[in-house]
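Notes follow the structure.
The values are calculated or read from the model by the stated rules, or taken from the named source; none is laboratory data. Please read these numbers as outputs of a predicted model, since none were measured by experiment. Note: ideal-geometry Cβ built from the backbone for every residue, glycine included; neighbour counts use all protein chains shown. For the accessible areas, the whole protein counts, side chains as well, though only heavy atoms, and no ligand, DNA or RNA atoms are used. Shrake-Rupley method; radii C 1.70, N 1.55, O 1.52, S 1.80 Å.
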Amino acid sequence: RNVKSVNNQGDGILLVSCEHTLVEDCEGAYNTYHGIHPGSHSPWTIVRRCVMHHNGSDGLYICWGVRESEFTDNVIYNNGIRKVGKRNGISIGHKDTDNLIARNHIYENAVAGIYFRQKTEANGAHRTKIIDNIIENNGLTGHSDRGCGIFISGITHDILIENNTIRETRSGDERLQKNAVQIQTGVSRVMMMRNSISGHPESTVIDNSKSPDNKLQSN
């Protein structure tokens, strides 16, 4: 609790092979890689009421096998500012199943607010719940020519996106959060419900999966 980790040549806070870990009221900022990084084989992690900003790679990087965990009430902004590497607010992927991402404010990250990494079906971030977040104004001039609120790739399934505010509030060429949600080939059983979505210069949802099992919003 109450750890401030800044200006590291690496991650701010890294957990590796830890179980039932709580990271609470911490700050990870101005680190060359991730702000907070629940590392490989660290199930039952809770990251809450933390601030992650101005990190070179992702603000919150959910690594390998971080399952049945909760990421709640965090503020995550201005991450992904290195020229190479991952460039998002939250990155989730390899066997990161049955997780809750709720009540976070995720904004002004270089590319995506929440990014699901490209994985096989056996390794996907299945059964993720994204609830009650504010996701806005992702995509930064000089780091990306287009951003996205939530980007889902891989053979990923059973994603719930409920009661979030996903919006672009900037003007002119700064409107780089082009879409609220982008769904790639192989993704299925995405359910969107009761989200408030506004301001995107392109389609609210791009569904490249064409899965008949997706239930999506158009506004």
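Of the candidates His105, His94, His126, the single residue that is of a type outside the set (A, V, I, L, M) and touching a helix residue (DSSP H, G or I) at 6+ places or on another chain (Cβ under 7 Å) is His94.
Does His94 satisfy being open to solvent by 10 Å² or more (accessible area, probe 1.4 Å) and touching a Lys or Arg at 6+ places or on another chain (Cβ under 7 Å)?
The answer is yes for His94.
For the range 119-134, a residue qualifies if it is among the polar types (S, T, N, Q), crowded, with 17+ Cβ neighbours inside 10 Å and at pLDDT below 95, and exactly one does: Asn123. None of Asn31, Asn2 is open to solvent by less than 10 Å² (accessible area, probe 1.4 Å), over 17 Å from the mean Cα position of the chain (by Cα) and at pLDDT 95 or above except Asn31.
Taking first residues from the range 136-157 that are of a type in the set (A, V, I, L, M, F, W, C) and partners that are part of a loop (DSSP other than H, G, I, E, B) and surrounded by fewer than 18 Cβ atoms within 10 Å (Cβ to Cβ), the Cβ contacts under 7 Å between residues at least 6 apart in sequence or on separate chains come to Ile152/Gln184; Ile155/Thr120. Among strands (runs of 3 or more DSSP E) entirely within the range 1-115, having at least 1 residues that are in contact with a Phe, Trp or Tyr (Cβ under 6 Å, 6 or more places away or on another chain) and not basic (Lys, Arg) singles out 4-6, 36-38, 46-48, 51-53, 75-77, 88-92, 100-102, 105-107.
Could you check, for the range 2-11, whether at least one of its residues is touching a residue at least 40 places away in the same chain (Cβ under 8 Å) and among the hydroxyl-bearing types (Ser, Thr, Tyr)? So far as the range 2-11 goes, no, none of its residues is touching a residue at least 40 places away in the same chain (Cβ under 8 Å) and among the hydroxyl-bearing types (Ser, Thr, Tyr). Looking only at the range 34-53, residues that are open to solvent by 10 Å² or more (accessible area, probe 1.4 Å) and within 22 Å of Gln9 (Cβ to Cβ) come to 5 in all. The set of residues from the range 135-168 being open to solvent by 30 Å² or more (accessible area, probe 1.4 Å) and within 12 Å of Ile197 (Cβ to Cβ) comprises Asn163, Thr165, Arg167. Being touching a His at 6+ places or on another chain (Cβ under 8 Å) and over 22 Å from Asn133 (Cα atoms) is the requirement here; does Ser17 meet it? The answer is yes for Ser17.
Might you let me know whether the range 54-70 holds any residue that is closer than 16 Å to Gly139 by Cα and surrounded by fewer than 20 Cβ atoms within 10 Å (Cβ to Cβ)? Scanning the range 54-70 turns up at least one residue that is closer than 16 Å to Gly139 by Cα and surrounded by fewer than 20 Cβ atoms within 10 Å (Cβ to Cβ).
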